[in-house]
Each structure stands twice: as C-alpha cells, then as structure tokens.
There are 2 protein chains.
Amino acid sequence: MIYVAILGFGVVGSGVYEVMKENSSHIAVKSMEDLGIKYILDIMDIDYPEISDKIIRDFEVIENDPEVRIVVEAIGGVGVAYEYTKRLLSAGKHVVTSNKELVATHGYELMRIASSKKVNYMFEASVGGGIPIIRPMIQCLSANEIEDIYGIMNGTTNYVLTKMFEDGLSFEKALSDAQMLGFAESDPADDVEGYDAARKICILSSLAFGRHVSPEQVHCEGILNISPDDVRCAEQAEMSIKLLGRYVRVSDDKICVFVAPHLVQKNKPIATVSDVFNGIVVHGNAVGEVMFYGQGAGKMPTASAVVADVIDAARHIDKTKNVDLWGDGGDFVEDYRVLNESYFVRAENLSDAVTDIFGDVQMINSENIDGCAFITGKMSGFDFEKKIAELRKETDVFSTIRVLP
Amino acid sequence: MIYVAILGFGVVGSGVYEVMKENSSHIAVKSMEDLGIKYILDIMDIDYPEISDKIIRDFEVIENDPEVRIVVEAIGGVGVAYEYTKRLLSAGKHVVTSNKELVATHGYELMRIASSKKVNYMFEASVGGGIPIIRPMIQCLSANEIEDIYGIMNGTTNYVLTKMFEDGLSFEKALSDAQMLGFAESDPADDVEGYDAARKICILSSLAFGRHVSPEQVHCEGILNISPDDVRCAEQAEMSIKLLGRYVRVSDDKICVFVAPHLVQKNKPIATVSDVFNGIVVHGNAVGEVMFYGQGAGKMPTASAVVADVIDAARHIDKTKNVDLWGDGGDFVEDYRVLNESYFVRAENLSDAVTDIFGDVQMINSENIDGCAFITGKMSGFDFEKKIAELRKETDVFSTIRVLP
C-alpha cells in the first residue's frame, strides 16, 4: 500500500478523492500497488462523513509521516501552497498538483528541490485540465524542435466569446451568464484579463524552450474590449475571435510569449473549439501541427489528470522522472511586437487615409456595425502601432485585434 | 553513445534517419546520451551517398552486434518484420516500430518476449502517425475507465470523403485524385475497405480494455459504397460522413470494436477533421471527451513518433517500460450489432411503409438526389437489419449508414 495525502478539499481535492474511490480497482492495476488516502488537510469544516477520519488541520502530521509518499497539493496560489510544496519535496515526498500559478512562478526551483531529493514534482493537470499535454510534449514530441504553440487555454473566456458569437450577446451579458452557470468566478479578472492563460502558456513555453518563462515576462491582453461589432465583423470575414496563449520560437535563443485575442479563420480546427473546451496546437518541425482538445477545467477532468500523475508517481516511487524539464530563467523573451502579422482594425470613418497609411488592406463588409473595418497586410507590431497612431489623427479607432497567421 | 539500426529505408526508415540527423543536438539532450545510427538494412539498392557506409543486407550483422541496443523496424507487414522483431527482442535489443499490422496481430506475444528479455517494444507511431495517442492513453488517462473511442484513423479515406463533400466528386474520381497526389496507394484496398483503420482501432482497444483484440475480431466496412447522393443528404442534415474506427465498452467484460462509415453532426469537433488529417476522440469516465488531432501519416510526422520512442528507449536503456500493456486475447468482443444507434437510409421510393416499419423517423429534404432519405430512431443493428429487409420488399434501398450518437 502506498499512502497519499490531499492538501485542500475544494473542487480539485474532492474530485481527486472521488476519482480515486470510484476507479480504485482499475487504479491499483495501473499503479501496480494499492493506493490509500491517509490524510486530507483542510482548514474549513467539511461536511463529508465518509472522510471524517482522514481530515486533519495540522500540516506537520503529513510532513512528518514517513508512510505518506505522495501528496496532492490542491490548495492553489503561491502562498501556503508554495511553502508546503517546498517542505514536502524537501521531506522526500512526491508532490502532484494542478496549481498552474505555482508551477509557472516557481516550477524551476521546485523541480530542482525534487531532483536533489530524488522525488517527483508532477503537474499534468496544470495546463488544459484533463487534456494530456505536458507528457505528450515531453515524450511524444521529443524528437521535434517546437516551432510554435497556440491555444485556447481558458474555458471561461472561451465560453464568453462563444456566447457572443452564437447568441449575439454583449461581453457583460455573456460573462454574467457564465457566472450564473458557475463557469466564471465572481471576480473574473484572472480569466478575462488573460492572466490564467498566461500562466499556462508560461508552462508550455518553459517545456518547449527548456528554460523557465515567468508570468511577468508574458505580455497579456484580455477580452474586455471585444464588442458585438467586432464579432459581427469577424463573422463577415469567416473568422472567429479566440483568446490565445502563444509561444513562437523566433531564433535559437529568442522566443515570443504572449496572450491576446485573435481573429482565427473558421476552417482552422482551433476555431471549432467552443464553450468551456480548450484546444492547444503544437507545431513541431517533424510532426507538423498536432492539436489536443478537451475539457480544460472542471472537477472531474482536472482530477483525472491529477490522479494519472499520482499513479505515475506510484509507479516511480523510488525513482525520479522528468524533474529537469527546464533550466533557469533569463533574458530570452523578445517583445511580442517583433512578429510580422496581420491586424483587424475597426474605425469610425475610413477615408483614403487607410490605403495611404496601410497600403493594400482587405476591407470587411460591415453593413450593420458601428464604423468600418479592414484587415491589414503583415507587419511588425511596432510598425502597426505607428500606423494606428497616424490613423487616429484622421478618425476614431474602436478596436484592433491580431489575426492568427 | 547508444547505437541504433534501421530496418528498411523506405518512407518511414528514411524519415527516421532525417529527423535524427536534423535534430541531433536536441535529441542528444533529450536522450541524455548521443545516439548514432550504425546500420541501415535494406534489400534494395539505395542511392543516398551519405549513408553508403551504413547500408547492409545481412540481418544477422545487426542481430549479433552487441553495440546495437535499439532497432527501428520500418519494414512493415507481418512476414519478415515479425520474424526479425522476435529475433531482435530475443537478442535483448529494444525495438521501435510504426508497424500497426504487426502490433495489432502479434503485439501481445511481442510484448511478452520484450518483458522476458527486459527490453522495450514501442509503437507510438502505429496509431495516428505523429499524433501522441498511445502514451497519453497509457499514462495521462490512466485514472479513467475508457468508455469509448471513436476516430478518423485513416488519412486516405478521409481525404477521399473530404473531396466528395467539398468538391462534389464521385468516390472513384476522389480516389484517383488521391492516388495522383500520393495520398493513396495504387492498390487502395487496405485503406478504402477499412482494414488499415481496423488495425489501429485494434491497438487502441487492446490498450483500453487491457486484452489483445485481433483484426479478425473487428467487423469492417469501408467507404466503397458512399455515393454523391449520400453526401448531399448528409449536407442537408448538417452532417458529414466519416470512416470511423470505434471501441465501445458495453459491460465490464464485453466490448464492441468495429470500423464503418458514419454520419457525424457537423458541430462535433471530429467533423472538422478534414483532408489527410486524423482525429481520435477518447472518452474516459473522469476526463470526459478528449480529442487528439494531427497528421496521421506521412514521412516526417511518422518519423517524429518513431524517434520519440527511440529517445524514450535510450532513456530506459537498461529498464523496461510499458511492456505489459495488455493481456492475452479471448472471447470478449461482442457483435457490433448489439449497440442501439440510429441509421441513415436512402431508398427509391418512400411509401407509408417507412413509418409502419420504422415508426417515427427524421425525413431529409432531398430534392436533388436519387430517391428519398431519412434517419431512424435508435435500435439495435439486428432490429435494423430486420426492418431493412422488410423495407426492401416495398422499395429499392440504395444505402444505409450508421449515425454516430
């Protein structure tokens, strides 16, 4: 029997408990050993009679119990979770988590501790919830240089954008619907401003580039300014609007990493990823494009990935595995504006100035919208900003959105 | 340095050579050791000067060279490839392959030999080409009971069906186009009759169920009978037609495994998988639906997956890993007709008999087609066959196609 402890009995922690209970015989076969949950640590009162004998409030009980070999950190954030994870790894216990903020911020340091203590720090669930993405990148795509990654990594904003497209809702109405359905937090800033997606693209970028990319290195735009008029223009151009996390390898030693809304051609597979689903496209120099699709969040999908890590940790109980996934951080993230891409522009009144400033553009038929709209040719983000400043001298510019190449 | 040999220098073998050459420094990092290709075995004359010093014709040189630790089997089929694989594993060498026919037919036996000799038999590339699917199923979805799998597993037939839909081509014309473009073999039977897809769903079913499923246990229908009229009807019903390999767990000890064309609702992600791309949906009891998408064949994508296995074998050069993926075969595959599903029917003349025989059906507006068409309610395949036999007494039945639930 290998004993497991769960820190935090919220959505993820209780999901882990339920998946381990429901699929226990199957899991024992896969782990090649029985797994038993010995402790559940939570500071809240928990009304869940069948676990009452496991609930504890004192972290040190877990830290000091040599029987506990694997700990699921389902606390979240970078406060207590960071401290406990360091202490558990230092105590020689394997730690499994879905905590993207912690991995994106301190993943390198935590893997170093794990490596020095010959234990594992595993976080398959930190990106894409239950969607297999971390291991496929480490193992199945290991023969490839990863050229770029783009993906819908936040289900809340994808739900909001889907409802704006499908039902013509405003951003505010779509968001309040999402909140009512439990798909968005009461404070939705982390999602709608793109910070949640930023943490996930950090983790994938660190994996792809082999060095730690921190959230503060990631330029981040959210979807607050997307209007129904932008949606109608996108529809006219047979495009969709998606909030994408992106990684682009610009040279052997420079990368771009950013989060921003993008117009995406409807015939691309990523455009069909709707509602709370996530889809992540990875482009390798040998494999071409592969996409991973599924529920990027939610209790059971996330628990599925956490428990898979627990099983893997159990199978490697006396070994380390993938604890040196990336090296230290550094000054290798380029300004996202170096990329040459096209932009969607919607403005009050499009005079001849547009062609004078932007050259040939693709006009969008926009009968029922406020203003006029077009898509530029490819140019750097620096050039685009200069040209938009010129256009603003002639007319009001309502919105500008990047177009996915 | 770990030495590798390649058996067969055709499309896959030469791709493996090129990926290993192009990404060699990167691969050395991932493998934690340099990998060198020592021999390339081929019976053909090969005009490729830079490898002339590696080319050999005598298999025993590889078999008897203790320096060769990993062998890529890129011969294909179940003749020589089967014999060589057994001998190599017995000689204590790791074997990596994309040979789906061999894995589907003899995978259990070959894994037993690998296990007894403490080496690895790896075949990530055997399903979905470069798309990560085998490892994600083994590892990332290990906490789940796999309820069902469905997927587009053959790029040739998907290309043909895509062209029938997009360009209104007949099956014959679409197939000859595919042959001209090199997407279909001159003898396309393996693809269009579904045998290639059958081998792949065998491998995924063996993984999901944990026991060996053989090709002869798989009911197999191809796309030879799909007509432009069927395509037009599907369009009318906002559906697409896809050749799917399917696995359905009907109880703890019974499964259905089959290959057949299906009508698929256009809003399902699998419906957007077009051209030569593959898409495989796996449904786990915790994770829900996840989809893996990418190029399911082709030189470089397949080589990408083979080389990833070579890297993994190198990292586990003195260990075994996943060599007991499934147990022996047996009598657990149910007749595919036990499933309760809907069917599309196109017939000469739809009299009142349709309602008398099938009850409520969904009629399809079919102005420009030969005959009339409808979709039945759900019923077992046995019931459906009886009812169709009754309908045939009243009118000519042109086609019947299963509808994906």
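Placing a label point 7 Å from Cα along the Cα-to-Cβ axis, B:Gly77 is separated from the same position in the other copies by 6.5 nm, shortest listed first. Think of segment A:266-405 as having a plus end and a minus end, set by charges on the Cβ of Lys, Arg, Asp and Glu; of A:Pro405, A:Gly371, A:Val361, A:Pro405 sits farthest toward the positive end of this dipole. Derived scalar couplings between HN and Hα for segment A:108-115 equal 4, 4, 5, 5, 5, 4, 4, 4 Hz in order, rounded to whole Hz, by the Karplus curve 6.51 cos²θ - 1.76 cosθ + 1.60 (θ = phi - 60°), x for Gly and Pro. Projecting the Cα atoms of B:Phe209, A:Gly330, B:Met111 onto the charge dipole of the protein assembly as shown, computed from C-beta unit charges around the Cα centre, puts B:Met111 farthest toward the positive end. In the distance distribution for the protein assembly as shown, Cα-Cα pairs more than 33 Å apart total 56 percent. Near B:Glu147, the amide H atoms lying under 5 Å from its own belong to B:His283, B:Gly284, B:Asn285; only residues 5 or more places off or on other chains count, and H is placed 1.01 Å from N. Stretched out straight at 0.36 nm per residue, the stretch from B:Glu216 to B:Met180 would grow longer than its current Cα-Cα span by 9.8 nm. Charge dipole of segment B:18-132 (Cα centre as origin; +1 on each Lys and Arg Cβ, -1 on each Asp and Glu Cβ, all else neutral): 620 debye, rounded to the nearest 20. Taking a ≥ b ≥ c as the square roots of the eigenvalues of the Cα gyration tensor, segment A:231-344 is classed as oblate, since a/c reaches at least 1.5 and a/b does not exceed b/c. Applying the criteria of a DSSP loop state and at most 13 other Cβ atoms within 10 Å to the chymotrypsin sites (Phe, Trp or Tyr not before Pro) of segment A:221-318 yields no site. Between A:Val338 and A:Val61, full extension at 0.36 nm per residue minus the direct alpha carbon distance yields a gain of 94.6 nm.
Here the Karplus curve 6.51 cos²θ - 1.76 cosθ + 1.60, taken at θ = phi - 60°, turns the phi angles of segment B:165-171 into couplings of 6, 6, 10, x, 6, 6, 4 Hz, with x standing for Gly and Pro. Segment B:181-260 and segment A:24-98 have Cα centres separated by 43 Å. The calculated 222 nm mean residue ellipticity attributable to helices in chain B amounts to -10500 deg cm²/dmol, summing -39500 (n - 2.57) over DSSP H runs of n ≥ 4 and dividing by all residues.
Considering all different alpha carbon pairs of segment B:263-405, the Kirkwood hydrodynamic radius works out to 19.5 Å.
List the pairs from B:Lys254/B:Lys386; A:Lys299/B:Lys268; B:Lys54/B:Lys299; B:Lys254/B:Lys299; A:Lys200/A:Lys254; A:Lys254/B:Lys321 whose alpha-carbon separation is above 27 Å, in the order I gave them. With Cα atoms farther than 27 Å apart: B:Lys254/B:Lys299; A:Lys254/B:Lys321. Since only B:His219, B:Tyr247, B:Leu161 are under comparison, the one whose Cα sits farthest along the positive direction of the charge dipole of segment B:134-295, derived from C-beta charges on Lys, Arg, Asp and Glu, is B:Tyr247.
Spin-label model, A:Asp187/B:Glu390: points 7 Å from Cα along the beta carbon direction are separated by 6.4 nm. Using Cα springs under 10 Å in a Gaussian network model of chain B, which residue among B:Gln295, B:Gln236, B:Gln265 shows the largest mean-square fluctuation? Looking only at B:Gln295, B:Gln236, B:Gln265, the biggest GNM fluctuation is shown by B:Gln236.
FRET efficiency for the pair A:Asp356 and B:Glu172, taken as 1/(1 + (r/R0)^6) with r the Cβ-Cβ distance and R0 = 56 Å, rounds to 0.55. For B:Arg392, the distances from its label point to the matching points in the remaining copies are 7.3 nm, ordered from shortest, with each point set 7 Å beyond Cα toward Cβ. Seen against the Cα atoms of chain A and their longest principal axis, helix A:11-22 is set at about 50 degrees.
Electrostatic bookkeeping for A:Tyr108 treats Lys and Arg as +1 and Asp and Glu as -1; over the other residues with beta carbon under 11 Å from its beta carbon, the sum is -1.
List residues of segment B:339-374, by number, whose backbone nitrogen lies under 15 Å from a label position 7 Å along Cα→C-beta of B:Phe382. Counting only backbone N, you get B:339-341.
Annotation for A:Arg337, label-to-label distances across the other copies: 6.9 nm (shortest first, one decimal, point 7 Å from Cα along Cα→Cβ).
Based on every Cα atom in chain B, Rg and the maximum pairwise Cα distance Dmax equal 23.0, 75 Å. About its Cα centre, the dipole of segment A:339-403 is roughly 240 debye, where the only charges are +1 on Lys and Arg Cβ and -1 on Asp and Glu Cβ.
No lab work stands behind these numbers, since they all come straight from the coordinates. The structure presented is a predicted model; accordingly, all values stated were derived computationally and were not measured. Every residue, glycine among them, receives a Cβ derived from its backbone with ideal geometry; neighbour counts consider all protein chains shown.
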